[in-house]
Amino acid sequence: MNKEKNSYIFTYSAVMVILVAIALTLANIFLTPAQQANILVEQQWQILKSVGKALDADEQPNKVNYIRGMYEKYIVESFAVNSEGQKLEGKDAIKIDLKAEQKKPLEQRELPVFVYKGDNGESKVIVPIRGNGLWGPVWGYVALEADYNTICGAVFDHEGETPGLGAEINTPEFQKRFVGKKIFEGETFTSVRLIKGGADPSNQHGVDAISGGTLTSNGLDAALSNSLSPYQAFFKSQMKK
Amino acid sequence: MSQKESLFSAKNMKLLTGPLDRENPVTIQILGICSALAVTAQLKPALVMAISVTVVTAFSNLIISMMRNGIPNRIRIIVQLVVVAALVILVDQILRAYVYDVSKKLSVFVGLIITNCIIMGRLEAFALGNKPWPSFLDGLGNGMGYGLILVIIAFFREIFGSGTLLGMRIIPESLYISNGGFYANNGFMILPPAALIIVGCIIWFQKSRNKDLQEK
């Protein structure tokens with residue numbers, strides 16, 4: 001048979017590509033449940049880390065069970081609200097896809113909220129953030145005190161920011177800067193800004209941006225204000241209670 | 001030759017062990033350097049990368065060798081790419097499902113296995129002209145040769161850069177300056193250029209030990 005005939009080449013490549021596609025589809029079908037379970041645990045861990053829990057999960061013999069247990073114990077409630085601050089029924093907050101939500105018009109968005117209750121009965125509320133850094137998405141969780149205004153912890157992560165520069169957003173040193181900052185000035189939503197050249201320590205709404213990571217800092221700044229501002233109505237309604 | 005060659009004949013074993021030393025893809029053929037810099041700051045990602053690359057080179061060599069009589073010459077590079085890409089996607093999916101932490105650390109580098117010169121190099125140079133079993137051994141050998149260098153680099157980088165091995169502490173905390181000792185980690189070891197210097201040292205060591213490898 002002539003292997004260099006066009007008809008042979010076309011048939012050969014078509015058959016090969018179809019076989020490869022079938023193999024990859026099968027692999028995907030069988031591996032997806034395990035992958036999603038991993039992503040879920042990762043999310044739960046980030047939520048716990050934003051309130052300073054489960055920081056030692058890496059040293060635990062069974063990390064996955066440890067995180068699940070801690071999540072069950074401390075995250076007492078999770079629900080979704082809309083931009084008017086009303087609770088939406090029957091939503092699983094942790095399964096909400098933020099990327100898809102952010103493409104919707106504001107009034108149709110489902111905004112996840114996680115409620116933490118500590119050992120001494122103190123409660124905190126945790127909301128997710130998401131946006132674009134320099135090379136890819138950045139995301140994280142911001143935990144607020146019971147006044148719905150003061151940040152008590154934050155975690156951020158990224159897909160592929162520049163190591164040593166933008167990638168520093170996932171270090172505890174950077175995340176510590178957010179503790180104690182406020183997202184409201186009186187009744188007005190201010191978000192927390194990342195300030196290039198350093199924030200004045202007396203500034204309640206600003207933290208130091210990352211030197212050399214300006215574009216990542218800008219992205220995170222936008223992610224914070226875009227993701228937190230839809231919650232305004234909800235936070236304000238809770239403050240009055 | 002009608003006589004069947006045994007599976008582990010001296011010739012076949014040479015395919016497996018050659019790349020570990022005299023024909024090492026990294027230090028002698030200078031292939032796959034980029035990923036050797038990227039994933040060797042710690043031992044664990046380096047090990048996973050080494051295993052992943054070994055699996056991909058071995059099986060892509062095997063598959064291409066089995067297909068070699070049917071592959072139309074004009075599209076052979078495309079066929080090779082499809083096979084390699086499919087295997088890499090499989091490896092990536094498996095890592096995501098079973099070693100999620102590591103897959104997060106390796107992130108883009110797993111996808112970049114596709115562009116690792118060692119794989120295409122072995123397919124073109126060996127698998128297209130040899131039977132499946134020797135090709136499989138050749139792929140395995142080259143993957144391990146690459147992995148060996150990765151592990152050596154990562155060993156030095158992790159122990160001097162972080163004072164740990166596989167995440168376990170080797171240099172006692174009490175020796176550190178912050179705890180009243182005299183020792184500090186070498187921050188340079190964390191950065192990619194440190195890997196280049198270690199590769200250089202390995203080549204130096206290897207060539208001074210084995211005079212045949214020295215260029216005249």
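Tabulated results
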{"item": "Rounded FRET efficiency, nearest 0.05, which uses the C-beta distance separating A:Gln102 from B:Arg74 and R0 of 56 Å", "result": "0.75"}
{"item": "For B:Tyr183, residues with placed amide H under 5 Å, excluding near neighbours", "result": "B:Tyr176, B:Ile177"}
{"item": "Centre separation in Å (Cα based) which lies between segment A:102-164 and segment B:1-50", "result": "45"}
{"item": "Phi to ³J(HN,Hα) by Karplus 6.51 cos²θ - 1.76 cosθ + 1.60 over segment B:98-104, Hz, x for Gly, Pro", "result": "10, 10, 4, 4, 5, 5, 5"}
{"item": "Distance in nm between pseudo-label sites at A:Val115 and A:Lys176 (7 Å out along the Cβ direction from Cα)", "result": "3.2"}
{"item": "Hz values of 3J(HN,Hα) by residue in segment A:109-114 - Karplus curve (6.51, -1.76, 1.60), Gly and Pro given as x", "result": "6, 9, 10, x, 9, 10"}
{"item": "Probe 1.4 Å - accessible area at B:Phe8, Å² to nearest ten", "result": "130"}
{"item": "Rounded accessible area of A:Phe10 (nearest 10 Å², 1.4 Å probe)", "result": "150"}
{"item": "19 Å Cα-Cα reach of A:Lys181 towards aspartates and glutamates, excluding residues that sit fewer than 8 places from it in its own chain", "result": "A:Glu122, A:Glu145, A:Asp147, A:Glu173, A:Asp200, A:Asp208, A:Asp221"}
{"item": "Leading residue at positive end of dipole, the protein assembly as shown (Cβ point charges), from B:Ala194, A:Phe114, A:Phe235", "result": "B:Ala194"}
{"item": "Dipole magnitude of segment B:103-216 about its Cα centre (Cβ charges: Lys, Arg +1; Asp, Glu -1), debye to nearest 20", "result": "60"}
{"item": "Placed amide H near A:Val81: partners under 5 Å, 5+ positions off or other chain", "result": "A:Leu88, A:Leu111, A:Val113"}
{"item": "Relative contact order [Cα under 8 Å, 6+ residues apart], segment B:23-208, whole percent", "result": "35"}
{"item": "Integer Hz, Karplus 6.51/-1.76/1.60 couplings in order for segment A:189-202, x for Gly and Pro", "result": "6, 10, 6, 10, 9, 9, 9, 5, x, x, 9, 5, x, 7"}
{"item": "For the protein assembly as shown, size of Cβ-based charge dipole, Lys and Arg +1, Asp and Glu -1, in debye", "result": "1260"}
{"item": "Residues with amide H under 5 Å from that of A:Val138, placed H, sequence gap 5 or more", "result": "A:Gly131, A:Asn132, A:Gly133"}
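The values are calculated or read from the model by the stated rules, or taken from the named source; none is laboratory data. The model shown is predicted, which means the values in this text are computed figures rather than measured ones. Here Cβ is always computed from backbone atoms with ideal geometry, including for glycine, and neighbour counts include all displayed protein chains. Heads up: the accessible areas ignore ligands, DNA and RNA and are worked out on the full protein's heavy atoms, side chains in. Shrake-Rupley method; radii C 1.70, N 1.55, O 1.52, S 1.80 Å.
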